[in-house]
Amino acid sequence: MQKKWLGLSLSLMLAAGIAGCGGNNNNKGAATEAPEAGTAAPAATAAAGGNTAASEPVQLKYWTDDRHDQEYIKELINKFNETNGENIQVELTVMSENYAQSVDIAFTSNQAPDLLRLKSGNTAEFVKKGYLAPIDGYLTDDMKTKFGSVIIDNVNRIDGKVYSLANTGLTLRLIYNKDLFAKAGIANPPVSLQEMVEDAKKITEAGKSEGVYGFALNFKSPKAAFDRSIREILSLSGYQGLGFDLKTGQFDFAPYSQTIEYFKQMYEDGSILPGAETLDIDPLRAQFAAGKIGMYLSFSTEPGVYQDQFPTEINWAGALAPTLDGQIKGTSEIVSAGTWLGISAKSAHQEAAWKFMQYMYGDDILKTYHEKGFGIAVVPSIVEQAKKPEINGMEGFLVGEHDSLWPAVPSVTPEGSTYADAFFKYILAGGDAKAITEDLNTRYNAALTKAVEKGEVTVTPDPAFDPLKPQGE
Amino acid sequence: MIYKWRRLGENSLFLAPSIILTLILGIYPLFWMLRYMFYDYAGYGEALFVGLDNFRRLLRDGLFWESVRNTFVFAGGKLLLTLPLSLLLAVILNGKLRGSNLLRGIYFMPTVISTAVISVVFYNIFNSYNGMVNTVLMKLHLVSQPIDWLGPKHAMLTVIIVAVWGAVGNYMLLFLAGLQSIPQDLYESAAIDGANAGRRFWNITLPMLAPVAQMVIMLAIIASLKGYESIMVITEGGPIGKTEVMYLYLYKLLFPVSTGSPVAQQLGYGSAVGFASALIVGAVTGLYFFFSRKMNKVY
C-alpha cells in the first residue's frame, strides 16, 4: 500500500512540475493589465516603458508577414535593443503563411504580440475585432504634420481614430524577361491585353522546347493571383480592381469578366506554364529566376526577392501593366499603403511599443527602407529626401504619374465561391461568363447589403469619382 | 467496503485529468458549436440569432455538396487501394520472411512522419514543371509531354496516391496484429489435411481476421472521410475545387486562408457545416456497422 501512495505522490509532483513549466507566459492576463488604449497621454500610461529600466527588461513581440525585408528589420531591431536605454527588448517573428489567421489564434488564446505589421487590407478587420490600440494620444505635432496628408479614412484612420502611420506602398507592375522577349522578336512589353496574349503565345512558341512559357501566375490561390494582376490592369483601365464600383457603391464584376477573357485565351493557347493551376508564388519566382517564364504581374517587392531570395542572372524589368484596350484611363493603385506598424490593444506594454514604433518611423529608417528597395516611400517628406533605390529592376516600380492611392473598398464575404474562384473556374472549365458575372454581382451585393445593415461597413457612392484622380486632388 | 471506496477514490484521481481535459476540449466545444449553428457569427462582435438560416443555406450551397461528392470519391479511392494493399503486405510480412521486421518498419514509417512534411515532398514530386515523376517518365520515354498531375484532371488521383502511401503502413500493422492472433495449429491441421496456401487464406485467415478487419475498415472509413490535411498542403482543394473535400471546406470556413485581404470567419455557418459533415460520417459508419455486423460473429 505504501508503494501505491508513493507512486501517487510522485505522479502528482510530476504533474505539478509539468503544469509549472507551461505557465510562464509573458502575455498572461495582458488584457486586464493593459492601460487604456493609446488615446491617453503618454505620461499617464508610463506603466511599461520607462520605469522598468533598472529591473527586468520589457519584452515586446513584433509579428510581421513581410519576408522580403526581414534582414534589414532584424538589424534595426538589434540596434534598438542595444540603444533604447530603457531596457526594451523587441523580438521579431516573421510569419510565412496565413498571417491573419495566426493573429486571430494569438488574440483568441491571449498570446497576442505587442506590435503587429498592418496592411491596408487587414487594419479595418483587426480594429473591428478589437486587436488594435489607437495611437492618436501618442502623436506629436511633428508627426501629425509629417504623416497628415497620407492618413486615409478606413485605411489607417477608422471611426475617427488613427491606428497606424504610412511608410511605403506597393506598386504593381508587369514583370518580364527581356531576353525571352528579344528571342521571340518582341521589342516592348505589351500595353494592351490583346498584345499580352499575343506576346505570351510568341514567347511560348519560341521557347516551349526548352520548357519556356509566356505567362504564369500563382493560381494555387486564385485570389492571390488575381489580386496581384487583374487588380492592376483594371485600375489602370479606369475601374476599381476588386470588382467594386466606387461611383455606384455596388459591386460590378463586368469589367473584371472582360479581363478574364484574355487570361482564358492565354490558357487555351497553352501560353501559361503547365502546372500553374497549383503553383505558389515562390516556386513561380524560382521558375522566373531560372528563365522559364516570359512575364507575370506582381508587386514592387519582386526586385528585393530577386536580390535576396532568388538571385538571378536573367535580364528582367518591371513595366506598367497592360490595360483593357491599350488606353490608360485610370491610375495604377498603390496597394497596401497607409499603414505599417500597429500596437496591440491587449499589450501590457503599449508605452514601450510606441517607443519602438516611434523609432521605426524615424526619417533615416523610412528613407533607407525606400532606398534599399523594400517598398516605395509614400510619405511626402521622405519622398523628397530619399535617393532612388539602388536595386536591380526597381526603376520600373517607382511611383510615377500613373500611380496613386485609391479609396478603400468594403471587404465582404459572400455566400458561395469568391470572384477569384468563380473566374478561375471559368478560365479552366469554361461556362457562361455573363451568368457568372451576374451571379457574382448578386451574391456580393447581397453580402454588402447585409454588412451595411449590420453596421460592419459603410458605403458612400461617389458618382463624380474620377479614376485618374482617385483621391480627388 | 472501505477498500472499495478507497479503490474508487484512487481510480477517480487518476482518471480526473483525462475526464477534465475531455470535458473542456471535447465536450464543451461540441455544445459551443451546436449553439452557434443557429447564429450568424464571425468570431468577434455580436452573434446574431438567425434560426435555421444556416441550414437553408447549407441545402443550396453547391460548394458544400460538391465537397461531399469529392469526399466520397477520395475516401472510396483511398479505401479501395489501401485495404487490399495493407492486407497483402500484412500477410506477406506475417510469413517467415528474411528481414520482415525491417520491412515492417519501412512500411510503417510514413505513419510517423508529419503529414505536412510528406505533402510538401509529394507536391514537389508531382508538380508538372519540374517534378520528379514527370522527369523520370520523360527520361524513360514513357510520356512525351509532362503530365499535369496536380491539374484539374489528375489532382484527385494524385492526392489519393499520397493518402494511400501514408496509410498503408498503419493498416498493415493493425492487420498484422490480427493475423498474429490466429492460432497456428489451425494452419497446421489444414496443411495436414492438404489445404494449399490459397485455400488456407480463404478458409482460415480471412474468416478468422473478420472481427479485426471490421474494426480496421471502420477506422479506415472514418479517417478517409475526415482526411484533408495532405490535400490542404498539396492542392488547397483546387484546382477549381476538384479536390475540395468536406472537412477542408469546413476548415476554410472556420479558418479562412488569408491572401493579404482577410476573409471573415464564418463560425455560425461553419458550425452548421461541421454538424452536417459529422452526420454524414456518422451515417456512413452506422450503415457500415449494420452491413458488416456478421463479420463480428464469424470467429
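The values are calculated or read from the model by the stated rules, or taken from the named source; none is laboratory data. Every value quoted in this text rests on a predicted model; they were computed, and no experiment measured them. All Cβ positions, even for glycine, are placed from backbone atoms using ideal geometry, and neighbour counts span all protein chains on display. Heads up: the accessible areas ignore ligands, DNA and RNA and are worked out on the full protein's heavy atoms, side chains in. Shrake-Rupley method; radii C 1.70, N 1.55, O 1.52, S 1.80 Å.
The table below gives the values:
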quantity: Evaluation of residue B:144 against (1) in contact with a Phe, Trp or Tyr (Cβ under 8 Å, 6 or more places away or on another chain); (2) open to solvent by 80 Å² or more (accessible area, probe 1.4 Å) (one fails), failing number; calculated: (1)
quantity: Single residue of B:120, B:164 found to be within 25 Å of the chain's Cα centre (by Cα) and within 30 Å of residue A:270 (Cα to Cα); calculated: B:120
quantity: Matching entry among A:103, A:155 (being closer than 19 Å to residue A:379 by Cα, buried (at least 21 other Cβ atoms within 10 Å of the Cβ), among the aliphatic types (A, V, I, L, M) and within 13 Å of another protein chain (Cβ to nearest Cβ)); calculated: A:155
quantity: Helices (runs of 4 or more DSSP H) fully within the stretch A:375-473 counting 3 or more residues that are among the aliphatic types (A, V, I, L, M); calculated: A:419-429, A:433-453
quantity: Wholly enclosed helices (runs of 4 or more DSSP H) of the stretch B:193-299 bearing at least 1 residues in contact (Cβ under 8 Å) with a residue 40 or more places away in the chain; calculated: B:206-226, B:229-234, B:246-254, B:267-291
quantity: Residues of the stretch A:441-454 satisfying the condition of being within 14 Å of chain B (Cβ to nearest Cβ), open to solvent by less than 60 Å² (accessible area, probe 1.4 Å) and either under 25 Å from the mean Cα position of the chain (by Cα) or not charged (D, E, K, R) (or both); calculated: A:444, A:446, A:447, A:448, A:451
quantity: All positions within the stretch A:186-229 that are within 14 Å of chain B (Cβ to nearest Cβ) and part of a helix (DSSP H, G or I); calculated: A:204, A:207, A:208, A:209, A:210, A:222, A:223, A:224, A:225, A:226, A:227
quantity: Any hit, the stretch A:222-236, residues being within 18 Å of residue A:465 (Cα to Cα), polar (S, T, N, Q) and modelled with pLDDT of 95 or more; calculated: yes
quantity: Selected residue [over 21 Å from residue B:293 (Cβ atoms) and at pLDDT 85 or above] from B:209, B:173; calculated: B:173
quantity: Test result for residue B:185, closer than 24 Å to residue B:73 by Cβ and modelled with pLDDT under 90; calculated: no
quantity: Long-range neighbours under 6 Å by Cβ, at least six apart or interchain, first residue within 9 Å of another protein chain (Cβ to nearest Cβ) and closer than 28 Å to residue B:72 by Cα within the stretch B:129-157, second surrounded by 16 or more Cβ atoms within 10 Å (Cβ to Cβ) and acidic (Asp, Glu); calculated: B:151/A:277
quantity: Qualifying residue in the stretch B:165-181 (condition: more than 14 Å from chain A (Cβ to nearest Cβ), outside any helix (DSSP H, G or I) and open to solvent by 10 Å² or more (accessible area, probe 1.4 Å)); calculated: yes
quantity: Neighbours by Cβ (under 8 Å, 6+ apart or cross-chain): first from the stretch B:4-17, open to solvent by less than 100 Å² (accessible area, probe 1.4 Å) and modelled with pLDDT of 85 or more; second of a type outside the set (D, E, K, R) and assigned to a helix (DSSP H, G or I); calculated: B:10/A:8; B:13/A:8; B:17/A:15
quantity: Hits in the stretch B:114-140 - residues which are modelled with pLDDT under 90 and either in a loop (DSSP other than H, G, I, E, B) or touching a strand residue (DSSP E or B) at 6+ places or on another chain (Cβ under 6 Å) (or both); calculated: B:114, B:127, B:128, B:129, B:130, B:131
quantity: Filter pass, residue A:98 being within 12 Å of another protein chain (Cβ to nearest Cβ), buried (at least 20 other Cβ atoms within 10 Å of the Cβ) and without any contact (Cβ under 8 Å) to a residue 40 or more places away in the chain; calculated: no
quantity: Those residues of the stretch B:74-105 which are of a type in the set (Gly, Ala, Ser) and either in contact with a strand residue (DSSP E or B) (Cβ under 8 Å, 6 or more places away or on another chain) or buried (at least 17 other Cβ atoms within 10 Å of the Cβ) (or both), in sequence order; calculated: B:75, B:77, B:86, B:90
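Yes/no per residue for (1) under 18 Å from the mean Cα position of the chain (by Cα); (2) farther than 22 Å from residue A:300 by Cβ; (3) surrounded by fewer than 24 Cβ atoms within 10 Å (Cβ to Cβ):
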site	(1), (2), (3)
A:188	no, no, yes
A:191	no, no, yes
A:197	no, yes, yes
A:206	no, yes, yes
A:227	yes, no, yes
A:237	no, no, no
